[in-house]
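Remarks on the structure that follows.
The values are calculated or read from the model by the stated rules, or taken from the named source; none is laboratory data. No experiment lies behind these values; they were computed from the predicted model shown. Positions of Cβ are backbone-derived with ideal geometry, glycine not excepted, and every protein chain shown enters the neighbour counts. When the accessible area is computed, the model is the full protein with side chains, heavy atoms only, and any ligands, DNA or RNA have been set aside. Shrake-Rupley method; radii C 1.70, N 1.55, O 1.52, S 1.80 Å.
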Amino acid sequence: MSSWVAEMESILPGGVETHAPVALEGAKLEATLRPESREALAASLRVSREHGKGLLIVGGSTELSFANAPCTACVRLDTVGIRTEREIDLEEGVALLPAGETVRSVQAELAGSSFELPFDAAGPEATIGGVVASARQGFRYGPPRDHVLGMLVALPSGELVRFGGRVVKNVTGYDLNKLFTGSFGSLGVIVSVWVRLQPVPERVAFVAAPADGHEPAALLQGARGASVRAAVVASSILHFEVAGDEAAVEHDVARLRTLGGEVSSDDAFGGLEEARHGGPFRVRVTGRPTRWAEVSQILAAGGGVVIAEPARGIVRGTFALDDQDERSIADAWNCAREASRCAGGPFAIEAASVSARYGREVYGAVGATAPLQRAIKSRYDPAGILNPGRFVGNA
Ligand SMILES: Cc1cc2nc3c(=O)[nH]c(=O)nc-3n(C[C@H](O)[C@H](O)[C@H](O)COP(=O)(O)OP(=O)(O)OC[C@H]3O[C@@H](n4cnc5c(N)ncnc54)[C@H](O)[C@@H]3O)c2cc1C
């Protein structure tokens, strides 16, 4: 460590902490780096590569367990202190945000303006970089990759590369925004992100309808309303958020009333998001929307507490199992596999203990793309220092 520490301290004065091994995500971390500038971040990646030091990249640490295990890094790299260019342009409806900034602080700053940040209310400390790196999709705004216009990324080579920018359709050739969004820190460290903000809807209404007593197809129809921004089934209640202009909202609320829906002043979605992030063992099945009810039944029969998004074909099951007991983990895993067969789509393990993830591919079946995934990883991170062991195929 010594020569690496010495070189690091010259790059990050006061930003290098060596310590007794700390266990995190299966890794034994012996030092923590806290870069404050993009140049220092890029240099610390280059030096870590030269010394073969694997790095565990940490943002707000609210979703580190959605990854393959064990991680084989020996150093923790914190992103929250990285200060870089920042801009919120309420005329153009775009924002340039440091990756280390929390989603909630940006939402607070935009409160009362005519725009909102199209990232759902992620975990308390969740960062912009963490949401984009994990392509975290909440109930309302759809996948972050639909809102990311540009990025600045630091590569293990020490390069800072910028792609996209403040305007829409500003990429020539491959859309690298889409490659790095959802790459879970396996290709580069996100420094800052250009985001297209969403206009605040004229009206938002919350409707709750009993899920029992209705045909799944009728509920799916309800969830597909033009101004239905979120539709979630939990504990036999279908919660809707209807957002848009007055007439459109009124039209959809009237339709949902035919399903026994009642307008409520209560925004249930905050609580549902928390519940959706429960554990200790959580699976996500993504498939045909028409199969959401059958998939929900399979996961519930296997002991999962189910939260379903019919219109998106996404169904989650949270299993309150002893995550050291291999038998119950295997049962939950087989239940998820059966549910994904029914859904006609993949399943992923969004949360599980490190030991429960050993020898399992949490991101779901990779199939024939594995060699291509490995090729892209080795192009950007030939020494394999970024989040080693955590990405697809334990890359
Ligand atoms: C109680 C709770 C509620 C939640 N509610 C929601 C919700 O409502 N909606 C939602 O979408 N999510 C939610 N989440 C999940 C979580 O907040 C998000 O997934 C968030 O994206 C994680 O951000 P983070 O900064 O904490 O990332 P971390 O957990 O620190 O990291 C997540 C992944 O991204 C990588 N990473 C982090 N920063 C960078 C970077 N700058 N560059 C490259 N890679 C990076 C890490 O290596 C890791 O693989 C919730 C989580 C909790 C615990």
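Key figures
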| read-out | value |
| --- | --- |
| Linear extension gain, residue 174 paired with residue 250, 0.36 nm per residue minus alpha-carbon span | 23.2 nm |
| Given charges at beta-carbon only (K, R positive; D, E negative), |dipole| of the stretch 138-267 in Debye | 640 debye |
| Per-residue SASA entry for residue 322, accessible area with 1.4 Å probe, Å² rounded to 10 | 90 Å² |
| Accessible-area value, residue 363, 1.4 Å probe, nucleic acids and ligands omitted, Å² | 40 Å² |
| Within the stretch 238-290: Cβ-based charge dipole about Cα centre, in debye rounded to nearest 20 (Lys, Arg +1; Asp, Glu -1) | 560 debye |
| For residue 329, net neighbour charge (Lys/Arg +1, Asp/Glu -1) across residues whose Cβ lies under 9 Å away | -3 |
| Solvent-accessible area, 1.4 Å probe, carbon plus sulfur percent, for the chain | 54 percent |
| Stretchable slack from residue 87 to residue 288, in nm (0.36 nm times residue separation minus alpha-carbon distance) | 68.4 nm |
| For residue 338, solvent-accessible area (1.4 Å; no DNA, RNA or ligand), Å² | 90 Å² |
| Potential lengthening between residue 162 and residue 327 on full extension [0.36 nm per residue; Cα-Cα distance subtracted] | 54.7 nm |
| Solvent-accessible area per residue for the chain (1.4 angstrom probe, square angstrom) | 42 Å² |
| FRET efficiency, 1/(1 + (r/R0)^6) with R0 45 Å, evaluated for residue 6 and residue 267 via beta carbons | 0.30 |
| Mean ellipticity per residue at 222 nm, deg cm²/dmol - from DSSP H runs of n ≥ 4 across the chain, formula -39500 (n - 2.57) | -8000 deg cm²/dmol |
| Within the stretch 203-268, percent of DSSP bridges classed antiparallel, to nearest 5 | 100 percent |
